[in-house]
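To start, the structure itself, in structure tokens.
The values are calculated or read from the model by the stated rules, or taken from the named source; none is laboratory data. From a predicted model like this one, the values you see are computed outputs, not experimental measurements. Counting neighbours? That spans all protein chains shown, and the Cβs are built from the backbone with ideal geometry, glycine included.
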Amino acid sequence: MAIQVKQGYPVLTVDLGSGPQVYMIHEKFVADDRWYKAAVERSGRSIQFTITEEVDGREIPYVRSDSYSLGTKSLFNVDRNATRIYVGGFPAAAQFPNPVRQSNFRGSIEDLTIGEEKVGLWNFRDAHNVAPALGRFDLKF
């Protein structure tokens, strides 16, 4: 699974065993120096991709897109010993199939959650070009 930002729009790519497919290019432009939350929910071959913006303390969800896997498979295999999570990019040596091509991200990331479990961004194995950032409540627009 990959969420990339291409030309300012979030793009979701998922491989459920039949090869990677671009499921959706979300219509919400997110390259505008504001904070957004990207959420992916999957049940079998049904996939929902939601972008939420926080405005004046209220969460505003944008066009909740629904899609269905075109392949015959529906299992998202996550092997604890073999699966790697890359946040913000991936090393040049990593091999990813088309259409995952964005190898870096310029911006801030906060509060990564997989399932119901928060994933800490401070206990990484390797990091490149990482710098502390202001929290979203510290930024003034």
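Things to note:
- Within the range 77-122, the set of residues being of a type in the set (D, E, K, R), part of a loop (DSSP other than H, G, I, E, B) and at negative phi comprises 79, 80, 84, 101, 106, 110, 116.
- Yes/no for residue 37 being within 13 Å of the chain's Cα centre (by Cα), surrounded by fewer than 18 Cβ atoms within 10 Å (Cβ to Cβ) and over 20 Å from residue 59 (Cβ atoms): no
- Where a residue in the range 1-27 is closer than 18 Å to residue 52 by Cα and part of a loop (DSSP other than H, G, I, E, B) and its partner, wherever it lies, is of a type in the set (Val, Ile, Thr) and at pLDDT below 85, with Cβ under 6 Å and at least six apart: 27/63
- Odd one out for residue 33 among (1) in contact with a strand residue (DSSP E or B) (Cβ under 7 Å, 6 or more places away or on another chain); (2) part of a loop (DSSP other than H, G, I, E, B): (1)
- The residues listed here are 63, 22; of these, the one that is crowded, with 16+ Cβ neighbours inside 10 Å, over 20 Å from residue 129 (Cα atoms) and at pLDDT below 80 is 22.
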